[in-house]
Every structure is written in structure tokens, then in C-alpha cells.
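S.K.: One structure, as C-alpha cells, below. Some questions next.
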Amino acid sequence: MKNYMLLVFLYGELLYGALPPRYQNTKDLNVMTEFIKTHSIVSSSLKLLDMRDYTILFGNNCKVKFTRKEKFRPTGWCGPAEALEFKSSTCKFK
């Protein structure tokens, strides 16, 4: 057990962690709310902002979907998630 603790102590600076959920959720929320602010048709008819599925519902059953860009990560490295980006919409919003 002592040897294991020594290894963790010596190589601790090489360990990476993911962004805690409260920070990641705030970043994701900012992307989605900025999209809403940018598109007046979305903001004027907003119905639901779904953080679990990264979707915005607006207008007459319109849906905007966001996704994360996939990024190569070395084995064992979790790191922060990529930013959300617009994926698709079922209605025109411009």
C-alpha cells in the first residue's frame, strides 16, 4: 500500500480529470442561451430548454438539437468535454 501511495504522490501531476458537472452544465447552458438570444424567432416562441438531450423546443413543435464535437483522447484521459455546437433544426429559425 505504501508503494502505491508513493506512485500516486510522485505521478499525481500527470493525472487529468473531467470538468465537474456544475461547470460543464453552466458552459452548455451558456451555448444554448446564446443561441436563443441570437435567434429572435426562437426566443419569442421558446417552450422548453432540455439540458439532458441538449435540445430547444420552440414555435409550432420545432426542435433545435445540439451535440458535442468528437475529439480524440489518449487512452485513460478523460479531460473536459468539448463545447456544444448546433447540430440540426426541424424548422427554419433565421
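S.K.: Among (1) more than 15 Å from the chain's Cα centre (by Cα); (2) without any contact (Cβ under 8 Å) to a residue 12 or more places away in the chain; (3) within 14 Å of residue 91 (Cα to Cα), which single condition is residue 72 missing?
M.R.: (3)
S.K.: Checking residue 37 against (1) in contact with a strand residue (DSSP E or B) (Cβ under 9 Å, 6 or more places away or on another chain); (2) at pLDDT 95 or above; (3) of a type outside the set (Val, Ile, Thr), which test does it fail?
M.R.: Failed condition: (1).
S.K.: If residue 55 satisfies all but one of (1) loosely packed, with under 14 Cβ neighbours inside 10 Å; (2) within 18 Å of residue 26 (Cα to Cα), what's the number of the condition it fails?
M.R.: So residue 55 meets the others, but not (1).
S.K.: Tally time: how many residues in region 59-86 are basic (Lys, Arg) and loosely packed, with under 13 Cβ neighbours inside 10 Å? It would help to see each step written out before you state the result.
M.R.: First pass over region 59-86, keeping only residues basic (Lys, Arg): 63, 65, 68-69, 71, 73.
Still in the list and also loosely packed, with under 13 Cβ neighbours inside 10 Å: 69, 71, 73.
Going through region 59-86 one residue at a time, the tally reaches 3.
The values are calculated or read from the model by the stated rules, or taken from the named source; none is laboratory data. Since the structure is predicted, the reported quantities are computational estimates derived from the model, not experimental observations. No Cβ is skipped: glycine too gets one built from the backbone with ideal geometry, and neighbour counts run over all protein chains shown.
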